[in-house]
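Working notes, beginning with the structure itself.
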Amino acid sequence: MTQSAAPRRPFYRSPLCWGLVVALALGGGWWWRQHAAADAAGQRRAAPPAAVGVASAQLQNVPLQISALGTVNSTYTVTVRSRVDGQLDKLHFEEGQPVKQGQLLAELDPRPFQAALAQAEGQLLRDQALLQNAQLDLARYRQLLEQNSIAKQQVDTQAALVRQYQGTVKLDQGAVDNAKLQLSYSRVSAPVSGRAGLRQVDPGNIVHASDANGLVVITQTQPINVLFSVPEVSLGQVLRASRAQPGLAVEAWDRDNRNKLADGKLLAIDNQLNTSTGTVNLKARFANVDEALFPNQFVNVRLSLGEQENAVTVPATAVQLGKTGSYVYTVNADSSVSLNPVSAGARVGDIVIVEQGLKPGQRVVVDGLDKLRDGAKVTVVDRAAQSRQAAQGAGKNGRHKRDGSGPAGKRRASAAQ
């Protein structure tokens, strides 16, 4: 028998075919990468340098501050109530006006208290007369006892009667003093100096010592306090600064942080942290001479914590935050920029303290950061000069429009001719 020939394998399944395919794929990939790199290099060469604004890192002494939100609180808030019941006759204060401590605010009908005082004084006079008579009898009894004309028991009984009347007179004197005190309560005076609020009751009404609203509320506004809180991470810094310099300076600013309202001093630090907010409460006192601070007003507080000497600072707009932390773009001598990681410290106003990563005098980019990358070429422009030129140009255009010397004015003049 003759042996049959083996079937022939198709070319597309042969190793040679697959080797050619792999070689072509690798060659195409290499060509695409080289072409893409050349295009990217051409684009980089063709792209113009980015226009940026720069600033130099400064070495200076920086005052340290902590900013917080605060609430103005009156030093004393007193609800003035009558201490006796009676009809309100007169009010002697103006709503919303300052009052002095001890100033008469209101008068109740005094006649019931005057009558009670008269009764107490009459009882006192009666018992004083009885005491005086008992004392005279005791003196006579003692003379008779010396002459052996009276029993000693009768003298002792009279002496006890004198002491009894003395106790009665003392009780009567207390009743008189109490009646005088009740009469004085019919005149209601200001317990503290401050600003009177709106009156809570009108003359003619019956007032009671148990009334919840009282007659008026007085709030002391000179001096006045501001309550604010700082985070737990800043507590150690505040404690160190307060131990080094008691009475740290505190500034109160308006809601928009544009106008300073008053200067004061740190008065107290609370003795425990608020676990729900992770903050500690602080209290500052302000003289409030011009009454710029008003009770329950919201203010921005700036607490001064001393000064950090020889700190490297840059504008706050220069410091950016990335995945690896804070960084700045520094401008090199060849007009290129480098991404420079930094360790940012406290921010004070418009500047940031750089703890590590920068030296004084290095130029950092503060404007035009959105299109920068490490190694990019830049053109440094003076934004302040551009703003001044724009302002001057706007002023010139305005003058031209007013006097007709500009192009539009010339066209109007030619059209009129």
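The values are calculated or read from the model by the stated rules, or taken from the named source; none is laboratory data. Keep in mind it's a predicted model, so treat the numbers as computed, not measured. All Cβ positions, even for glycine, are placed from backbone atoms using ideal geometry, and neighbour counts span all protein chains on display. For the accessible areas, the whole protein counts, side chains as well, though only heavy atoms, and no ligand, DNA or RNA atoms are used. Shrake-Rupley method; radii C 1.70, N 1.55, O 1.52, S 1.80 Å.
Other residues within the sphere of radius under 11 Å centred on the Cβ of S336, judged by their own Cβ, net out at 0 (K and R +1, D and E -1). In terms of packing, defined here as the mean over residues of other Cβ atoms within 10 angstrom, the peptides 211-222, 101-112 line up highest first as 211-222, 101-112.
Label sites at D263 and S67, each approximated as a point 7 angstrom past Cα along Cα to Cβ, lie 2.1 nm apart. Accessible area per residue (1.4 Å probe, heavy atoms of protein chains only) ranks E94, E251, E291 as E94, E291, E251, with the largest value leading. Converting phi to 3J(HN,Hα) with the Karplus coefficients 6.51, -1.76 and 1.60 and the offset θ = phi - 60°, the range 214-230 yields x, 8, 6, 10, 10, 10, 7, 10, 9, x, 9, 10, 10, 9, 8, 10, 10 Hz in sequence order, with x at every glycine or proline.
When F294, F286, F113 are compared by accessible area at a 1.4 angstrom probe, the order from most to least is F294, F113, F286. The Cα atoms of the range 101-210 give a gyration tensor whose axes a ≥ b ≥ c have a/c of 1.5 or more with a/b greater than b/c, which makes the shape prolate.
From the alpha carbon centroid of the range 87-116 to that of the range 134-173 is 48 Å.
Just check the range 128-280 against the gyration tensor rule for me: Cα atoms, a ≥ b ≥ c as the square roots of the eigenvalues, rounded for a/c under 1.5, and otherwise prolate or oblate depending on whether a/b exceeds b/c. Note, shape of the range 128-280 comes out prolate. Using a Debye calculation, one point per C-alpha and no hydration shell, please list log10 I(q)/I(0) for the range 289-363 at q = 0.24 Å⁻¹ in order. Values returned for q = 0.24 Å⁻¹ are -1.15. Site pair N148 and A25 shows an inter-label distance of 15.3 nm when each label is modelled 7 Å from Cα along Cα→Cβ. Computed 3J(HN,Hα) for the range 86-94, one whole-Hz value per residue from the Karplus formula 6.51 cos²θ - 1.76 cosθ + 1.60 where θ = phi - 60°, is x, 8, 6, 8, 9, 10, 10, 9, 9, glycine and proline marked x. Checking the a/c ratio against 1.5 first, then a/b against b/c, what shape does the Cα gyration tensor give for the range 231-361? In terms of gyration-tensor shape, prolate.
What the phi angles of the range 52-69 give under the Karplus curve with 6.51, -1.76 and 1.60, with θ = phi - 60°, is a coupling list of 9, x, 10, 8, 9, 5, 10, 9, 7, 8, 10, x, 8, 9, 10, 9, 7, 9 Hz, glycine and proline written as x.
Using the Cβ atoms and a cut-off under 10 Å, what net charge is assigned to the surroundings of I150, where Lys and Arg are +1 and Asp and Glu are -1? Summing Lys/Arg as +1 and Asp/Glu as -1 gives +2.
Quick one: net charge of T317's neighbours, Cβ under 10 Å, K/R +1, D/E -1? Spelling it out: positives minus negatives among the neighbours equals -2.
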